[in-house]
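Below you'll find the structure, written out as structure tokens, and then a few comments.
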Amino acid sequence: MKPILEVKNMTMDFGGLRAIDNLDLFIDKGEIVALIGPNGAGKTTFFNCITGIYTPTSGDVFIDPDGDGKKERINNLKPNLVTRRGLARTFQNIRLFSSMTVLENVMIGCHAVTKAGILGAIFRGPSTKAEENLIVEKSYNILEKIGLAKYVNELAVNLPYGAQRRLEIARAMATEPFLLLLDEPAAGMNPQETLELDALIMKLRDNEGISILLIEHDMKLVMSLSERIYVVDYGKKIGEGTPEDIRSNPVVIKAYLGEEIEEDA
Amino acid sequence: MDFHITYMADDSHNRRDESRFKNIYLLRLSYKTGSRTGLNMDLEYFSQLFFGGLTRGSIYALIALGYTMVYGIIELINFAHGEIYMIGAFTALIVSSVLTLFGMPVLAVVVLAGMAAVVYSCSYGYTMEKIAYKPLRNAPRLSALISAIGMSLFLQNYVLLAQTSDFLPFPSLIPDFEFWEPYAHILTSPELVILITTVVVMILLTFLIKFTKIGKAMRATSQDKMMASLLGINVDRVISVTFVVGSATAAIGGILIASHIGQINFYMGFIAGIKAFVAAVLGGIGSIPGAVLGSLVLGWTESFFTGYISSDYEDVFAFLFLVLILIFRPSGILGRSQAQKV
């Protein structure tokens with residue numbers, strides 16, 4: 001089995017600041033992997049580099065959706081093309097299209113994988129209409145799976161916080177990703193909402209076969225969800241392994257809690 | 001604008017109408033002609049002003065849509081938009097003259113000239129965006145604004161050199177027909193055609209934006225470009241389409257007004273563009289219903305002030321009104337004051 005996402009020696013400089021320093025990372029099919037690290041460690045920058053918002057200064061990003069060894073380098077692709085190849089992401093802050101309905105938000109995601117062009121949209125041949133109906137149906141199914149079906153025609157901005165967060169995941173799912181990148185999905189959630197999120201992410205992996213890479217500060221969620229964890233600090237990888245490995249890794253503990261003062265008794 | 005056409009028209013006739021042209025007059029000169037309908041004279045006069053303002057407002061709206069749509073998506077005031085409208089009128093004139101020369105029936109001339117004008121204007125709008133704005137997408141906003149002003153001057157002077165600085169007579173493409181007698185002088189048939197065309201364009205545009213895939217993509221892009229592109233939307237293409245659609249409505253406005261006034265000139269886009277821009281700001285720039293409402297309000301303001309007070313101060317009233325609205329509602333009539341995203 002080949003990894004579906006492979007990042008090799010990635011470096012990202014902003015002027016004199018090295019935000020990501022020679023980072024390696026891979027994700028296998030069906031894995032849930034977490035990327036953790038103190039604030040400002042370069043985690044979101046890493047997401048931006050993979051999804052085409054930034055072009056890494058050096059290094060390679062390869063994808064291989066089927067895991068059959070046919071790798072494609074996606075470093076220089078624009079975000080919309082990266083999305084079309086099956087990488088979807090959410091942001092730390094909520095970035096829904098607030099003045100659109102819940103259904104429309106999801107439909108926008110679906111459009112990424114449909115083909116009707118501008119002329120088709122204007123002249124609306126039968127195939128365009130059939131496609132539109134299909135998209136509505138597909139969007140509704142996704143909302144049902146994520147438990148948002150009752151909000152279909154609400155404006156996104158009127159949803160409760162936890163539901164808005166889940167809608168972001170639903171919208172990302174609509175682009176039919178093989179890998180979902182979640183940037184602090186549990187930020188601002190109460191414990192009950194976090195539990196539901198935990199279940200939702202597991203369900204997406206188990207039922208939909210989507211691999212997941214998440215950035216998260218809620219350690220309880222990270223430890224319970226992820227199979228492997230990468231720890232970064234100052235753009236460098238300082239640890240990787242199973243949750244147990246990470247918990248007992250002295251370098252990681254140091255980065256998180258600061259230098260331990262030798263107690264001299 | 002590849003070939004130059006010489007007109008035989010009497011030049012003094014053109015000069016006479018210059019002042020009329022300057023303010024893109026849509027008001028008829030035959031006000032207070034005396035009641036022919038048995039209606040109260042005052043009411044009749046009011047109705048004339050009302051429909052005159054409505055017609056004028058619809059033309060503003062066709063142009064203002066382009067300003068507001070482009071602003072809604074890339075937050076740029078496209079100052080060259082008025083020039084697109086002027087180019088639409090010129091194209092229609094050239095094509096209709098040639099077709100008439102070949103003895104085509106009037107209806108065919110109108111349809112073909114209209115289509116040619118729209119297509120030609122759209123290609124200008126598309127190219128303009130690619131040349132003048134796309135390279136400046138991530139530059140400071142002031143750079144794009146200056147680029148827009150440069151584009152406007154460039155297009156004006158290009159048409160001036162390629163065509164002429166004279167006023168050119170424009171054939172009346174809108175036929176005068178009988179309807180609604182004896183009230184026809186309250187709402188004339190060309191005014192009716194302008195109103196109907198505007199309403200049809202608005203309905204089509206609303207449909208495009210509300211219900212089609214590209215419309216959803218446009219709305220998504222205007223709210224959050226990065227998120228839209230991460231959902232697979234090709235933002236560059238959405239921006240191009242916005243320019244093309246805005247150019248199409250401007251070209252339609254250009255043909256209607258040129259045909260109604262009866263003459264055109266390379267400078268016609270400037271005043272019309274400024275007025276439409278005012279209308280878009282008045283309604284709340286970035287909002288499509290706002291642009292339409294702002295245009296109608298501006299059209300009526302001008303019409304009533306001109307009719308009841310003085311036609312000399314028409315522009316003064318229009319801009320005074322803008323200042324007042326902006327003092328009390330800085331974001332325009334329908335604009336929402338937006339909290340800055342952190």
Failed condition for residue B:142, given (1) within 22 Å of residue B:75 (Cβ to Cβ); (2) in contact (Cβ under 8 Å) with a residue 40 or more places away in the chain, with all others met?
-> (2)
Look through segment B:34-86, keep the residues that are outside any helix (DSSP H, G or I) and among the hydroxyl-bearing types (Ser, Thr, Tyr), and return whichever of them is modelled with the highest pLDDT.
-> B:37
Listed residues A:157, A:152, A:222, A:136; which is within 21 Å of the chain's Cα centre (by Cα) and surrounded by fewer than 22 Cβ atoms within 10 Å (Cβ to Cβ)?
-> A:222
Residues of segment B:266-300 being within 20 Å of residue B:89 (Cβ to Cβ), out of contact with any Asp or Glu (no Cβ under 7 Å at 6 or more places or on another chain) and not aliphatic (A, V, I, L, M), in sequence order, are B:266, B:267, B:270, B:273, B:275, B:277, B:295, B:299
Count, please, the residues in segment A:42-74 that happen to be free of Cβ contacts under 8 Å to residues at least 12 places away in the same chain and within 23 Å of residue A:15 (Cα to Cα).
-> 1
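I'd like to know if segment A:10-17 contains one or more residues that are buried (at least 17 other Cβ atoms within 10 Å of the Cβ) and more than 16 Å from the chain's Cα centre (by Cα). I'd like the intermediate steps shown before the answer.
Residues of segment A:10-17 buried (at least 17 other Cβ atoms within 10 Å of the Cβ): A:10, A:12.
Those still in the list that are more than 16 Å from the chain's Cα centre (by Cα) too: A:10, A:12.
So far as segment A:10-17 goes, yes, one or more of its residues are buried (at least 17 other Cβ atoms within 10 Å of the Cβ) and more than 16 Å from the chain's Cα centre (by Cα).
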In this structure, is residue B:244 at pLDDT 95 or above and either in contact with a Phe, Trp or Tyr (Cβ under 6 Å, 6 or more places away or on another chain) or facing chain A (nearest Cβ under 8 Å) (or both)?
-> yes
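Does residue A:232 satisfy the criteria of being surrounded by 17 or more Cβ atoms within 10 Å (Cβ to Cβ) and touching a Leu at 6+ places or on another chain (Cβ under 8 Å)?
On the way: surrounded by 17 or more Cβ atoms within 10 Å (Cβ to Cβ): yes; touching a Leu at 6+ places or on another chain (Cβ under 8 Å): yes.
The answer is yes for residue A:232.
Being assigned to a loop (DSSP other than H, G, I, E, B) and either among the charged types (D, E, K, R) or farther than 13 Å from residue A:169 by Cα (or both) is the filter here; which residues of segment A:205-221 pass it? Spell out the reasoning first.
Filtering segment A:205-221 down to residues assigned to a loop (DSSP other than H, G, I, E, B) leaves A:209-210, A:216-218.
Selection gives A:209, A:216, A:217, A:218.
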Hey, can you tell me all the residues within segment A:85-113 that are without any contact (Cβ under 8 Å) to a residue 60 or more places away in the chain, farther than 11 Å from residue A:156 by Cβ and within 7 Å of another protein chain (Cβ to nearest Cβ)?
-> A:111
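State the number of residues belonging to segment B:226-254 that are in contact (Cβ under 8 Å) with a residue 40 or more places away in the chain and among the charged types (D, E, K, R). Spell out the reasoning first.
Of the residues in segment B:226-254, the ones in contact (Cβ under 8 Å) with a residue 40 or more places away in the chain are B:236, B:238-240, B:242-254.
When the remaining residues are screened for being among the charged types (D, E, K, R), the result is B:236.
Final tally of qualifying residues: 1.
Table: residues versus (1) among the hydrophobic types (A, V, I, L, M, F, W, C); (2) over 29 Å from residue B:153 (Cα atoms); (3) touching a strand residue (DSSP E or B) at 6+ places or on another chain (Cβ under 9 Å).
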| residue | (1), (2), (3) |
| --- | --- |
| B:279 | yes, no, no |
| B:290 | no, no, no |
| B:294 | no, no, no |
| B:297 | yes, no, no |
| B:305 | yes, yes, no |
| B:314 | no, no, no |
| B:324 | yes, yes, no |
| B:334 | yes, yes, no |
Of (1) within 14 Å of chain A (Cβ to nearest Cβ); (2) in contact (Cβ under 8 Å) with a residue 12 or more places away in the chain, residue B:213 fails just (2)
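Select, from A:203, A:237, the only residue that is under 25 Å from residue A:88 (Cβ atoms), at pLDDT 90 or above and in contact with a strand residue (DSSP E or B) (Cβ under 7 Å, 6 or more places away or on another chain).
Values: A:203 fails: in contact with a strand residue (DSSP E or B) (Cβ under 7 Å, 6 or more places away or on another chain).
Going through A:203, A:237 in turn, just one is under 25 Å from residue A:88 (Cβ atoms), at pLDDT 90 or above and in contact with a strand residue (DSSP E or B) (Cβ under 7 Å, 6 or more places away or on another chain): A:237.
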Out of (1) crowded, with 21+ Cβ neighbours inside 10 Å; (2) touching a His at 6+ places or on another chain (Cβ under 9 Å); (3) assigned to a loop (DSSP other than H, G, I, E, B), what's the single condition that is false for residue B:164?
-> (1)
In the list A:60, A:28, A:66, which residue meets the criterion of being over 19 Å from residue A:182 (Cα atoms), more than 14 Å from every other protein chain (Cβ to nearest Cβ) and surrounded by 14 or more Cβ atoms within 10 Å (Cβ to Cβ)?
-> A:60
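Considering only segment B:95-106, how many residues are surrounded by fewer than 21 Cβ atoms within 10 Å (Cβ to Cβ) and in a helix (DSSP H, G or I)?
Within segment B:95-106, residues that are surrounded by fewer than 21 Cβ atoms within 10 Å (Cβ to Cβ) and in a helix (DSSP H, G or I) number 7.
Output the residues belonging to segment B:265-290 that are of a type in the set (A, V, I, L, M), more than 20 Å from residue B:145 (Cα to Cα) and crowded, with 24+ Cβ neighbours inside 10 Å. Walk me through how you get there before you give the answer.
Residues of segment B:265-290 that are of a type in the set (A, V, I, L, M), as a first pass: B:268, B:271-272, B:274, B:276, B:278-282, B:285, B:288.
From the residues that got through so far, the ones that are more than 20 Å from residue B:145 (Cα to Cα) too are B:268, B:288.
Of everything in segment B:265-290, just one residue is of a type in the set (A, V, I, L, M), more than 20 Å from residue B:145 (Cα to Cα) and crowded, with 24+ Cβ neighbours inside 10 Å, namely B:268.
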Residues of segment B:216-234 being facing chain A (nearest Cβ under 7 Å) and in a helix (DSSP H, G or I), in sequence order, are B:216, B:217, B:219, B:220, B:223, B:226, B:227, B:229, B:230
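Being more than 14 Å from chain A (Cβ to nearest Cβ) and either within 21 Å of residue B:331 (Cα to Cα) or surrounded by fewer than 22 Cβ atoms within 10 Å (Cβ to Cβ) (or both): is that true of residue B:253 here?
Numbers: more than 14 Å from chain A (Cβ to nearest Cβ): yes; either within 21 Å of residue B:331 (Cα to Cα) or surrounded by fewer than 22 Cβ atoms within 10 Å (Cβ to Cβ) (or both): no.
No, not satisfied.
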Residue set A:188, A:125; condition within 14 Å of chain B (Cβ to nearest Cβ), out of contact with any Ser or Thr (no Cβ under 7 Å at 6 or more places or on another chain), farther than 25 Å from residue A:86 by Cα and without any contact (Cβ under 8 Å) to a residue 40 or more places away in the chain; output residue A:125
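The values are calculated or read from the model by the stated rules, or taken from the named source; none is laboratory data. As the structure is a computational prediction, the values presented were derived from the model and not from experiment. Methodologically, a virtual Cβ is constructed for each residue, glycine included, from the backbone with ideal geometry; neighbour enumeration extends over all protein chains shown.
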